[in-house]
Amino acid sequence: MQNLRKSKSRAPKATMADVASRAGVSAATVARVIYKNGYVKKDTREAVEAAVAETGYSPNKMARGLRTSRSFTLGMVVSESRLNAFHPAIAHVVQIEALRNGYTVLTLNNHADPAMETAGVRSFLDHHVDAIIFCSAIDPANVRLVASSGIPTVQVERPIADIGGLVTVDAEQGMRDAVDHLQGLGHRIFAYIGGEVDTSRVEAPKYLGIEVVRERLFRESLARHAITIDEAYILSAPYYDDGRPPRQPGHTLMRRLLALNPRPTAVVCGSDLLAASALQAISEAGLSVPHDISIIGYDDSVAEILTPALSSIAQPIEEMGKKAVTLALQSIDDPTLGDQTMSTSTSLVVRESTAKPPTPKI
């Protein structure tokens with residue numbers, strides 16, 4: 001009986017992507033035909049209509065009735081995508097997931113400039129985008145500008161305005177696993193290189209800066225192993241520096257750590273970008289990773305292409321991007337949902353940059 005039921009089960013419901021594939025067009029074009037929103041050439045429209053009939057695709061009638069004047073376009077604000085690979089990685093996932101759902105994406109790099117962000121957001125509104133995803137906003141006023149226009153907003157990882165959808169990241173598991181891993185290898189002399197950002201504009205006191213949280217979790221993880229750490233071994237600076245000479249902060253802070261006595265044998269960094277420049281400083285000092293020093297990054301954005309391949313506390317970039325799109329589309333379909341939050345967690349990816357500490361010289 002069980003096998004018989006399986007044989008009579010219905011075929012999977014066709015999706016907009018199935019229609020697009022059969023018609024040889026984009027999902028956005030399918031959406032324009034179905035929702036009669038925007039110009040589509042006659043032969044293309046007929047091909048889409050035929051594909052709809054052949055696949056049996058049925059659009060969400062409730063969603064269509066809620067709002068028929070959609071542009072099927074999302075806005076995406078990223079911060080410093082030129083220097084930080086994490087942000088374009090999120091944007092890439094958002095673009096792919098949006099296309100799968102019949103949406104295109106307009107992207108803005110705010111270059112950490114509130115005025116540029118404001119101009120970009122106003123441009124998005126002029127283009128009648130259906131929602132805007134921030135990764136991440138510089139000024140909460142820009143998030144509120146969007147919300148006041150009746151457009152859904154989603155903030156990824158770094159909430160700055162206390163409004164709209166939010167994708168959060170729990171750093172605890174990844175940081176705990178990183179310290180456990182290094183302690184298990186035998187390390188006892190730890191150091192931490194963290195990032196610094198301006199949190200003066202953050203609206204909600206309940207949201208601690210993510211840099212503060214990462215450092216706190218590092219300290220707590222050490223305490224679990226009864227390992228004490230001197231404040232000289234915990235350093236922080238902005239993630240990147242456009243100044244000259246073009247030495248990134250991770251390089252400068254790593255040199256300070258190398259001058260300490262005793263020198264740390266294990267260093268956890270608050271981003272892959274900080275870790276990459278720390279690797280340069282270690283190499284320039286005639287030392288090697290992981291023979292002399294073990295190092296762990298954060299984000300897992302460029303970790304695998306560094307030398308050596310970097311162990312890193314991975315943020316679930318694909319999951320974060322997909323959830324951001326899900327929140328945006330849910331709010332577009334049902335404006336009465338209110339503010340929604342989806343959570344994700346970090347995990348440790350072990351590669352070639354960690355090993356047992358060097359044997360002390362006698």
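For the stretch 302-322, the candidate set comprises residues that are among the hydroxyl-bearing types (Ser, Thr, Tyr) and buried (at least 24 other Cβ atoms within 10 Å of the Cβ); within that set, the residue that is nearest to the chain's Cα centre (by Cα) is 312. With the requirement that a residue be open to solvent by 30 Å² or more (accessible area, probe 1.4 Å), of a type in the set (S, T, N, Q) and touching a residue at least 12 places away in the same chain (Cβ under 8 Å), what does the stretch 268-301 give you? Those that are open to solvent by 30 Å² or more (accessible area, probe 1.4 Å), of a type in the set (S, T, N, Q) and touching a residue at least 12 places away in the same chain (Cβ under 8 Å): 280, 301. Of the residues in the stretch 111-124, at least one is open to solvent by 60 Å² or more (accessible area, probe 1.4 Å), among the small types (Gly, Ala, Ser) and either without any contact (Cβ under 8 Å) to a residue 12 or more places away in the chain or in contact with a Gly (Cβ under 9 Å, 6 or more places away or on another chain) (or both).
Against the criterion of being surrounded by 24 or more Cβ atoms within 10 Å (Cβ to Cβ), aliphatic (A, V, I, L, M) and assigned to a loop (DSSP other than H, G, I, E, B), residue 129 qualifies.
With the structure loaded, tell me whether residue 129 is among the β-branched types (Val, Ile, Thr), in contact with a Phe, Trp or Tyr (Cβ under 7 Å, 6 or more places away or on another chain) and over 16 Å from residue 318 (Cβ atoms) or whether it fails that test. No: the conditions fail for residue 129.
Conditions (1) free of Cβ contacts under 8 Å to residues at least 24 places away in the same chain; (2) closer than 19 Å to residue 93 by Cβ; (3) of a type in the set (A, V, I, L, M), marked per residue:
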position	(1), (2), (3)
315	no, yes, no
339	no, no, no
342	no, yes, yes
346	no, yes, no
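Taking the stretch 179-196 as the range and being buried (at least 16 other Cβ atoms within 10 Å of the Cβ) and touching a Phe, Trp or Tyr at 6+ places or on another chain (Cβ under 9 Å) as the test, the residues that pass are 179, 182, 183, 189, 190, 191, 192, 194, 195. Here residue 88 meets the list (1) out of contact with any His (no Cβ under 9 Å at 6 or more places or on another chain); (2) open to solvent by less than 30 Å² (accessible area, probe 1.4 Å); (3) within 26 Å of residue 296 (Cα to Cα) almost entirely, failing just condition (2).
Does the stretch 336-351 contain at least one residue that is open to solvent by 30 Å² or more (accessible area, probe 1.4 Å), within 30 Å of residue 146 (Cβ to Cβ) and β-branched (Val, Ile, Thr)? Within the stretch 336-351, one or more residues are open to solvent by 30 Å² or more (accessible area, probe 1.4 Å), within 30 Å of residue 146 (Cβ to Cβ) and β-branched (Val, Ile, Thr).
The values are calculated or read from the model by the stated rules, or taken from the named source; none is laboratory data. Here the structure is a predicted model, which is why all the values come from computation and not from measurement. Using ideal geometry, Cβ is built from the backbone for each residue, glycine included, and neighbour counts are taken over all protein chains shown. What goes into the accessible areas is simple: the full protein's heavy atoms, side chains included, and nothing from ligands, DNA or RNA. Shrake-Rupley method; radii C 1.70, N 1.55, O 1.52, S 1.80 Å.
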